[in-house]
Amino acid sequence: MDAIVAVFLADPFKVLLGSGGVVGLIVVIVKAWRSRASPRVRLLGHTYDPKGGREIPTEVRVEIENVGREPTSLQPKVSMTCRYPGRRSMQATFQVTDGDRSLQPVSPRNFVLHGTPSAGFLFSHFRVYTFQFTRGGSVKLRVLNASGKTAGPLKFWFLKWLFVLTGALPHVEG
């Protein structure tokens, strides 16, 4: 028994991967990387139904494409965080209304999300929608404001912290 433990401690990767050693480890990593699901999300638009209440029924339309090799599916809830003009943070949850949430490789699908965020949502900035998938982890859709303009992670992070620290909104035109 001590001999087995000593061999394992001498080279644990070789024991786990057989005689493949480093090459076997690289093969396992490449195989896992190539077989992952890779969803991409694009905002198509959103509509609001202000009725004068404290909550606003909202509909968000998105296109999701799985650019990976393996099928995946979208979880039924999408979380959203945003900032009010007073620099306060708000959270809301949206439901996917489509019954079939499966995503086949390289075939885009449109989804409609329904939620009732608070009334300040109309004037919010820096909206981050977090989509969870059964395979492939999560994807964040970063929307600057109600105009629907999206931004990459670095630009979004910079503008958001500029707003939090100074209240400036350089991405707003007009």
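Considering every residue within the range 48-57, establish whether at least one is outside the structural domain of residue 30 (by TED's automatic domain parsing), buried (at least 16 other Cβ atoms within 10 Å of the Cβ), modelled with pLDDT of 85 or more and out of contact with any Leu (no Cβ under 6 Å at 6 or more places or on another chain). If you could, list the steps in order and put the result at the bottom.
Going through the range 48-57, the residues outside the structural domain of residue 30 (by TED's automatic domain parsing) turn out to be 48-57.
Remaining after also requiring buried (at least 16 other Cβ atoms within 10 Å of the Cβ): 56.
Then keep just the ones that are modelled with pLDDT of 85 or more; that gives none.
Within the range 48-57 (the criterion being outside the structural domain of residue 30 (by TED's automatic domain parsing), buried (at least 16 other Cβ atoms within 10 Å of the Cβ), modelled with pLDDT of 85 or more and out of contact with any Leu (no Cβ under 6 Å at 6 or more places or on another chain)), the answer is no, since none of the residues qualifies.
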Sole exception among (1) without any contact (Cβ under 8 Å) to a residue 24 or more places away in the chain; (2) closer than 27 Å to residue 168 by Cβ; (3) assigned to a loop (DSSP other than H, G, I, E, B) for residue 87, by number: (1)
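Residues are listed down the side, and each one gets a yes or a no for (1) among the β-branched types (Val, Ile, Thr); (2) under 14 Å from residue 75 (Cα atoms); (3) modelled with pLDDT of 90 or more; (4) not assigned by TED's automatic domain parsing to the domain that holds residue 47:
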{"residue": "115", "(1), (2), (3), (4)": "no, no, yes, no"}
{"residue": "118", "(1), (2), (3), (4)": "no, no, no, no"}
{"residue": "121", "(1), (2), (3), (4)": "no, no, no, no"}
{"residue": "130", "(1), (2), (3), (4)": "yes, yes, yes, no"}
{"residue": "133", "(1), (2), (3), (4)": "no, yes, yes, no"}
{"residue": "145", "(1), (2), (3), (4)": "no, no, no, no"}
{"residue": "148", "(1), (2), (3), (4)": "no, no, no, no"}
{"residue": "152", "(1), (2), (3), (4)": "no, no, yes, no"}
{"residue": "155", "(1), (2), (3), (4)": "no, no, yes, no"}
Any hit, the range 114-125, residues being closer than 23 Å to residue 34 by Cα and either in a strand (DSSP E or B) or in contact with a Phe, Trp or Tyr (Cβ under 8 Å, 6 or more places away or on another chain) (or both): no
Pair list, Cβ under 7 Å, 6 or more apart: the range 102-130 residue more than 21 Å from residue 149 (Cα to Cα), other residue among the hydrophobic types (A, V, I, L, M, F, W, C) and buried (at least 16 other Cβ atoms within 10 Å of the Cβ): 103/64; 103/74; 116/56
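crowded, with 17+ Cβ neighbours inside 10 Å, at pLDDT below 90 and over 30 Å from residue 162 (Cα atoms): which single residue out of 68, 99 fits that description?
On the way: 99 fails: crowded, with 17+ Cβ neighbours inside 10 Å.
The match here is 68.
The values are calculated or read from the model by the stated rules, or taken from the named source; none is laboratory data. Just so it is clear, the model here is predicted, and its values are computed rather than measured. Don't worry about glycine lacking a Cβ; one is built from the backbone with ideal geometry, like all the others, and counts go over all protein chains shown.
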